[in-house]
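Visitor: First the structure, then my questions, so here it is.
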Amino acid sequence: MNKISVVLLALALTSQIQCQAEEVKPASISYFDTYNKWRSNNRRVFLNKEEETYRQLVFFENLNQINAHQKNNEATYTVSLNQFSDYSDEEFQQIILNKRIQMSQPEIQEEQQPKGNLRKTVSYPDSVDWRNTGALSPVQNQGWCGSCAAFGTAGVLESFHYIRYNYLVKFSEQQLLDCARQAGFDAYGCDGTWQQEYFKYAIKHGIVSANSYPYVGYQTACKNTSDLPKYFPQSFRFINRNSDDIKDAISKGPISVTIDASNWKYYRGGIFNGCSRYRQLNHAVIAVGYDVQGNYIIKNSWGPYWGDEGYITISAQNDCGILLSAIQVLS
Ligand SMILES: *[C@@H]1O[C@H](CO)[C@@H](O)[C@H](O)[C@H]1NC(C)=O
């Protein structure tokens, strides 16, 4: 892009904003002000002027969407600017969400909700919340790498280990990211995988602590861990696709779930009910509780400044596919 087209783009952008966001007056000053603050808070650096202009354009489009959401009185959740605010929806899908899960998740079957008036035989509590129990490590940030499955796996193993031994060890996502493929599992580093591949890897090779093998946010050569202490989980299972079994499992410990996070980009707080009916399971996270209304509490791996201190609550009615691919560690 040459200088003239950059200027034209900027002009076109300014007029577009004035058309769309009627309430922002004068449009450009307020928007540029918001952008400059956000940019310095997020310490954005750009390769060149073209990239800078492009990112600014995307930011303004995102800001329009955020402003539109704020005006929707029926929304049960809030949104805000965050680290994704100068990424387009397509970039968000491609960089942050899990390409492998998106491409090859087996056909999703009908949910196996209990039929008729069968009485509930499981007796899980009315609500569960593993936050503030000591069973969860602090929320991590996967960065610009589709490594959600590594976080989903390591985090669930941490909780299982804690509940069993009353002792929290932060396990290594980087080991899973670096070593699972080399060990013959169906895993692709920052291009993602399915959590079951990482669970199988940990069962066979053990998982070391994050202190001994820290997260760097991109795939590196698998380190030799033969001299490091390891935890060997023994078994896991897929949970039946109904909310009774899922809640029963959560009441015993956090579980690993694959979910549709396509519309989570701006989530800030409240009960999220913005998932599409057409689910695309593209993100691995940890279900750490549910409330009395049946809404699910989810630990994400987009850092503590995303969402509700790194967590999101998903509506029981619009559950983003949480029942469809959930894994519980058994032993
Ligand atoms: C890893 O380290 C151990 C001990 O330090 C050594 O015996 C082993 O050969 C190493 N493995 C590889 C693949 O380099």
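FYI, it's all coordinate maths here, none of it is from the lab. From a predicted model like this one, the values you see are computed outputs, not experimental measurements. As a convention, Cβ positions derive from the backbone with ideal geometry for all residues, glycine included, and neighbour counts pool all protein chains shown.
Visitor: State the extension gain, in nm to one decimal, for the chain segment bounded by N242 and E91, taking 0.36 nm per residue of separation less the distance between their alpha-carbons. Numbers along the way, then the final one.
Guide: On the way: separation 151, 0.36 × 151 = 54.36 nm, distance 3.25 nm.
This chain segment gains 51.1 nm when fully extended.
Visitor: Starting at the first residue of segment 321-331, write each ³J(HN,Hα) from the Karplus equation 6.51 cos²θ - 1.76 cosθ + 1.60 with θ = phi - 60°, in whole Hz, x for Gly and Pro.
Guide: My calculation for segment 321-331 gives x, 4, 7, 7, 8, 10, 10, 10, 7, 9, 7 Hz in order.
Visitor: How far apart, in nm, are two points set 7 Å out from the Cα along the Cα-to-Cβ line at D129 and at A68?
Guide: Distance between label points: 3.3 nm.
Visitor: Over 21 Å between Cα atoms: which of K252/K299; K170/K299; K247/K299; K170/K247; K71/K299; K204/K230 fall into that group?
Guide: Numbers: K252/K299 16 Å; K170/K299 15 Å; K247/K299 15 Å; K170/K247 25 Å; K71/K299 27 Å; K204/K230 11 Å.
The pairs that break the limit, which is 21 Å between Cα atoms, are K170/K247; K71/K299.
Visitor: Tell me which residues come under 5 Å, amide H to amide H, from A316 once H is placed; ignore anything under 5 positions away on its chain.
Guide: Here N295, Y296 satisfy the definition.
Visitor: In whole Hz, with x marking every Gly and Pro, tabulate ³J(HN,Hα) for segment 213-226 from phi via Karplus 6.51 cos²θ - 1.76 cosθ + 1.60, θ = phi - 60°.
Guide: Result, ordered by residue: 9, x, 6, 10, x, 8, 7, 10, 5, 4, 7, 6, 10, 5 Hz.
Visitor: Here is a further query. Once you have all Cα-Cα distances for segment 168-299, histogram them in 10 Å bins from zero and send the whole-percent values.
Guide: 11, 36, 34, 18, 2
Visitor: Would you please give the residues with an amide H less than 5 Å from that of R268, counting only those at least 5 places away or on a separate chain, with H modeled from the backbone geometry?
Guide: T78, V79, S80
Visitor: Would you mind putting 70-79, 89-98, 40-49, 300-309 in packing order, based on average other-beta-carbon counts within 10 Å, highest first?
Guide: Numbers: 70-79: 12.9, 89-98: 17.5, 40-49: 10.5, 300-309: 20.4.
So the peptides 70-79, 89-98, 40-49, 300-309, ranked by packing, come out 300-309, 89-98, 70-79, 40-49.
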